[in-house]
Amino acid sequence: MGQANFWDNNEKAQATVAELKSVNSILKPLDEALAVSRDLEALEELAREDGSLEPELAQETDRLEKLVAALELASLLSGPHDAADAIVSINARDGGTDANDWAEMLLRMYSAWAAKRDFDVELLDRQDDAVAGIQSATVAIRGPWAYGYLKGETGIHRLVRISPFNAEGKRQTSFAAVDVSPEIADDDTEVELNDEDIREDVFRASGAGGQHVNKTSSAIRLTHFPTGIVVQCQSERSQHKNRATAIKMLRSRIARLEEEKREAEQLARYKLQPKTGFGSQIRNYFLHPDQRVKDQRTGHYVGNFQSVLDGNIDGFLDAFLKWKASGSAPQSGGDE
């Protein structure tokens, strides 16, 4: 990075900077833990002679334990694409307008989580609903180990609340599907795309987006015949840019599909098959009759609904990593 011509190729330079961030996200906490460990040894010797130092000793011991626990958690990010950036797609499912509103709430939740970590968020595609919320949206969340942390969010998210769109004030259950894929570099040879395997449809962008977007056929939909994966992008005014983004989204979805196949083969050896994935319900969010959020797989529970929606989801992400590493079967039973 100190070379004079480092920024001549901006895309390559940005990739190097991202790689450095990923490396530092492991090395800096490790260096800190080692330093605290050395200081702790010296402090322990002093505390034997001076009892007044025992509270400080206990405080530093607690600090070291937290640092080691964080490193142990980071060690669980060992998948082939865990260090990659994440492409997060959210689709409204059953529940009408409430589901569209719920999908937008989830979009804000993941964006807030990314902001707390100082990650970059880029909107790749968004289809607004005519009444409220969104029909679907796709964002790229870029930061160290973004995919490794977020990949467990793939699945159906269920919301139970008193509907703000129902004049009778009835309880409404809404569903939204979240799909998380690793963002694959264009020069990654693992995912090969053949032109004959892809059908490209061009259409006019719908919804909000500006006069030019809606009057030209700039939106792109790609169908990948071997896998049945369909992606689309209409966020840019340029058809060329939308095609490039759609290709990136397709490569990412295929990479995740291949990763799931490898994991399924490994689990089959031990006759374990936890139910996870795009079509399975993973988490319940309740606003009525009381506030709570509970993960169906790990059992992790938070009693503050709004805190979770404000992006405080690390507890769920960490619990999933530990649950997956343990090879646990799904939690039995569930919420109403």
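The values are calculated or read from the model by the stated rules, or taken from the named source; none is laboratory data. Quick caveat: nothing in here was measured; it's all calculated off a predicted structure. No Cβ is skipped: glycine too gets one built from the backbone with ideal geometry, and neighbour counts run over all protein chains shown.
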Applying the selection to the range 25-42, what residues are more than 14 Å from Arg63 (Cβ to Cβ) and either in contact (Cβ under 8 Å) with a residue 24 or more places away in the chain or outside any helix (DSSP H, G or I) (or both)?
Ser25, Ile26, Leu30
Filtering the range 98-152 down to residues that are modelled with pLDDT of 95 or more and among the hydroxyl-bearing types (Ser, Thr, Tyr), which residue is farthest from the chain's Cα centre (by Cα)?
Ser111
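Quick one: which strands (runs of 3 or more DSSP E) sit completely within the range 106-163 and have at least 3 residues that are among the acidic types (Asp, Glu) and not assigned by TED's automatic domain parsing to the domain that holds Ala70?
120-128
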In the range 164-180, what residues are modelled with pLDDT under 90 and within 27 Å of the chain's Cα centre (by Cα)?
Gln172
Could you count how many residues in the range 221-257 are modelled with pLDDT of 85 or more, assigned to a strand (DSSP E or B) and closer than 19 Å to Gln127 by Cα?
6
Flag if Phe320 is closer than 17 Å to Ala176 by Cβ, in the same structural domain as Ala176 (by TED's automatic domain parsing) and at pLDDT below 95
no
